[in-house]
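The values are calculated or read from the model by the stated rules, or taken from the named source; none is laboratory data. The model shown is predicted, which means the values in this text are computed figures rather than measured ones. Every residue, glycine as well, gets a Cβ built from its backbone with ideal geometry; the counts of neighbours run over all protein chains shown.
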Amino acid sequence: MVNREPLDSHLLRVLYVLLTERSVTRAAIRLNQSQPAISVALKRLRDITGDPILVRSKAGMVPTERGLMLLEHAKAALNEISHIVEPAKTFDPMRATREFRIGARDYLTTFFIPRIVADLRTHAPHCKLTVAALGPHLNYEQALEEGTLDLVIGNWPSPPEHYRLQPLYEDEIASLISRESRFAKRPWTVEEYLRLPHVAPPSYIAGQRNVVDALLATQRLQRNVIVTLPYFGMIPYILCDTDLVFTSSRSFCEHYARLLPLAVVKPPLALPTMRFYQIWHERTQHAPECAWLRKQVLAAGRSAPKPSS
C-alpha cells in the first residue's frame, strides 16, 4: 500500500522547485541543499502522490501530467503559507479605506465623537466611520466578538472583565434643571433630590438600571423617574420648559447650560465619578488598524473638557 504521508512546507517548496527547474541538480543548488537530499525528497513526494512527478526524456527531466497539475497546487499553497508567516502589514491611515465601527451612547456627541470624526477626516480621509447606538436592543458583547463592532465606549460601573479595557477620562456627576425653577437657585437636600421629577435614559443593557440609578441603588436610594427618553440629546431641550431634573456627567450638563437657559446643580449625594473607557475583544488586540483607532479614541479622551467646578 502506498504510504500517503502529509506534506509539510519544506516538501511543498521542494516539489515546486523540482517542477520549475526540472532537474534534481539545479533544484539542489537553488535550495542550497545536497543533491542526495533532493533525491530523497523526490522519492518521498512520489510515494505521497503515487505519481513519478518527473520523468526522463531526450531533453532531460519533464513533468508528468499529474506533475503539471501539482505545480499549480504547490504554487498556490506556498503563496497561502507566505501570507500566514509574513509579518502583519503596517496600517497607513492616509491610504486606508477601512470602515471603523464604534459602539457609544449619544451623550458623547458633545465633544467626544466630533473629535474622533475630525481626526478621522484629517488622518484617514478615505476611511468610513459608523457609530452604533448602545442600548438594550444591541448586544454589544456579541458585536465585539463577531467583529461587527471594533470597540465600545462605555461608563457603566462594572464593565465586563473578559474584554480589554483602557481608561479614557473621569467626570463628576451633576444635575441639569431649568434656570426658572426655584430649585435652580439653592442647594438641594437629599430628600428634595429624590422627590423631584426626573428624566432619564434607558440602561445600556436590558434588565439593568442605568448608571445613575445603579449608583443610587448601592446606597439603597431611589429617585423619582417619571420620564424615560431614548436619546440624551433631546433631554436638555425638554428641561427648558418643564420642572424635570436630569443627572449625567458634569461636562454634558455644562455644555448644554452654555447653550440653553439651564442651570447646573451639584446633587446632594456622595456619588463617585463616572469612569469612561473603551473596551474591545482580544480578536482585535493585534490588528494594526484597530490599534490606530484606539489611539484616536484615547486622544479624544485626553482632550475631554475639564469641568468648571
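Residues are listed down the side, and each one gets a yes or a no for (1) assigned by TED's automatic domain parsing to the domain that holds residue 115; (2) of a type in the set (A, V, I, L, M, F, W, C); (3) under 23 Å from residue 93 (Cβ atoms); (4) surrounded by 20 or more Cβ atoms within 10 Å (Cβ to Cβ):
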| site | (1), (2), (3), (4) |
| --- | --- |
| 252 | no, yes, no, yes |
| 265 | no, yes, no, yes |
| 284 | yes, no, yes, no |
| 291 | yes, yes, yes, no |
**OP:** Taking only the stretch 269-291 into account, find how many residues are farther than 19 Å from residue 102 by Cβ and among the hydrophobic types (A, V, I, L, M, F, W, C).
**Re:** 3
Original post:
Got at least one residue in the stretch 290-305 being under 30 Å from the mean Cα position of the chain (by Cα), at pLDDT below 95 and among the aromatic types (Phe, Trp, Tyr)?
Top reply: no
Original post:
Any idea which of (1) farther than 20 Å from residue 291 by Cα; (2) outside the structural domain of residue 15 (by TED's automatic domain parsing) is the one residue 130 doesn't satisfy?
Top reply: (1)
Original post:
For the subset of the stretch 147-203 comprising residues that are buried (at least 19 other Cβ atoms within 10 Å of the Cβ) and among the charged types (D, E, K, R), which member is nearest to residue 284 (Cα to Cα)?
Top reply: 150
Original post:
In the stretch 174-187, what residues are under 36 Å from the mean Cα position of the chain (by Cα) and either on the phi > 0 side of the Ramachandran plot or modelled with pLDDT under 95 (or both)?
Top reply: none
Original post:
What pairs come up if the first residue lies in the stretch 124-149 and is modelled with pLDDT of 95 or more, the second is small (Gly, Ala, Ser) and not in a strand (DSSP E or B), and their beta carbons are under 9 Å apart, counting only those six or more places apart or on different chains?
Top reply: 124/96; 126/96; 127/96; 149/143
